[in-house]
Amino acid sequence: MLMLNDTEQELREEISTLRQKIATLESSTRSQSPPLDVKLRSDTHFANLSESIMDGFVCVDMGGDIVKYNQVFKNLIGYDDQEITLLNNHDITPPQWHVMEAQIIAEQTMTRGYSDIYEKEYIRKDSKIIPVALRNRLVRDHEGNPIGMWVIIRDITEKKFSQELLEHSEGKYRTLIERMQEGVFMKS
């Protein structure tokens, strides 16, 4: 049985809550379907929701252009508002992740409407690489045509650092045990 760590469980719970809120927002705006950026700018409930979550949130159109984002996302990537409007998802994603992400979008998001949580990296304005865990959800117009994706992003820098420390410590311990000439007995 797969055990989720606290960060993954928190992200899943927050995504579940957001899905419910998104479904409510979608049902209330289905009668009219302005373009994605107009729809997001005009919806104060949506703006309040995106700013209230503790993770980064970004909305991209189907070409990957950034349409809307919250302050957490802005802080994560380090660009100002004017610069972000000129960015595309590919601009802030290292090239080695492009194929994998395109595959996830094609096989998961486009077929069932959302992706599993996956990890990749972002490139900050200062060129620092930031590991992130994210999940996306397809946004459709009133006729069912895809018009964009909502993405929830969690900075997992601390998680990755902790994993590296643990692996390093385990490696040192393993080497020590392997080099010992005499047997080791551990009492519990």
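Observations, loosely collected:
- Projected label distance in nm at Val99 and Glu13, using a 7 Å step from Cα toward the beta-carbon: 3.8
- Sequence ranges 104-116, 67-79, 124-136, ranked by mean other-Cβ count within 10 angstrom, highest first: 67-79, 124-136, 104-116
- Built amide H within the under 5 Å cut-off of Thr93, gap 5+: Ile123
All of the numbers you see were taken from the coordinates with simple rules; none came from a lab. Bear in mind that the values here come from a model prediction, so they are computed numbers and not experimental data. Heads up, the Cβs are rebuilt from the backbone with ideal geometry, glycines too, and the neighbour counts pull from every protein chain shown.
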